[in-house]
1. Taking K and R as +1 and D and E as -1, what net charge do the other residues with C-beta under 14 Å from the C-beta of R192 add up to?
2. V15 accessible area, nearest 10 Å², 1.4 Å probe?
3. Return the Cα extents of the chain along principal axes one, two and three, sorted largest first, each rounded to a whole Å.
4. Between L165 and L38, what is the FRET efficiency for a Förster distance of 45 Å, r being their Cβ-Cβ separation, to the nearest 0.05?
5. So what is the relative contact order for the chain, in percent, with contacts set as C-alpha pairs under 8 Å and at least six apart?
6. How large is ³J(HN,Hα), in whole Hz, for each residue of the stretch 173-183 in order, when computed from phi with the Karplus curve 6.51 cos²θ - 1.76 cosθ + 1.60 and θ = phi - 60°, using x for Gly and Pro?
7. Check H176: other-chain or 5+ apart residues with amide H under 5 Å from its amide H, H built from backbone geometry?
8. With labels modelled as points extended 7 Å from the Cα through the Cβ direction, what inter-label distance (nm, one decimal) is found for H176 paired with F55?
Amino acid sequence: GVHGFQGDLRFADTVSGGIGSVGAHLYMAPRPGQKYGLFAHLSDIDGRAMTWGAFGAEGLVSLSPATVLEIQGGVGAADESGLDFIFGSIALAHDLSPGLEISAALDLADFDEPALRATSYEAGLRASYSPEGAPWGVYASVTQSGLTGRDGASSETRIGLGVTLSLGTAGGTDPHTRHFRSIDPVAPILRRGLW
């Protein structure tokens, strides 16, 4: 009764090609307001022979009945040019009202290779609405990403609008029903054609 599994399937169209990803999260939720576990994901990009994967640990904890904190961290590697990286993420979500949520996230990844020595960052704000008990929702987001370090690059800002669909119980700031975020540390550099 305290163990669970979450599966992820994503596709993103970028200037470097379409990125497809599959992921899995195995977790425990032994007490109210806490959920933690291990995750892994594998991604591939169209038009290039490049595949990468990552694994790590993650946790969700309630700070109040309406606020939840999420932390993720891990390591990863790609099969092209021996690229490997470490990454971490922190996110905070708050329910403004039933069904209306605002969240902020910061994702960092460090690449230390002869061809790429930089730290990637992605900071975002998101507002989402899903009617109570509904499996669908809508969202609006603004995200800024960039690279710092020897091979740094100027930042870029993206605006997103979309619709979400969840299978099974999901949503809200209760860690027991909230899905873990799916993060991909390599996607920001591929999205901008920097690798």
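The values are calculated or read from the model by the stated rules, or taken from the named source; none is laboratory data. Predicted, not measured: the structure shown is a model, and the values here were computed from it. Positions of Cβ are generated from backbone atoms using ideal geometry, with glycine treated the same way; all protein chains shown enter the neighbour counts. We work out accessible area using only protein heavy atoms, side chains counted, and drop any ligands, DNA or RNA first. Shrake-Rupley method; radii C 1.70, N 1.55, O 1.52, S 1.80 Å.
1. Working: positive: R158, R191; negative: D13, E122, D151, E156, D184.
Once all neighbours under 14 Å are counted, the net charge is -3.
2. 120 Å²
3. Result for the chain: principal-axis Cα extents of 47, 33, 28 Å.
4. Numbers: r = 25 Å, r/R0 = 0.57.
After rounding to 0.05, the efficiency reads 0.95.
5. Working: 484 pairs, mean separation 31.2, N = 195.
Once divided by the residue count of the chain, the mean separation gives 16 percent.
6. 9, 7, x, 5, 10, 8, 7, 5, 5, 9, 10
7. Here G33 satisfy the definition.
8. Between H176 and F55, the label points sit 3.0 nm apart.
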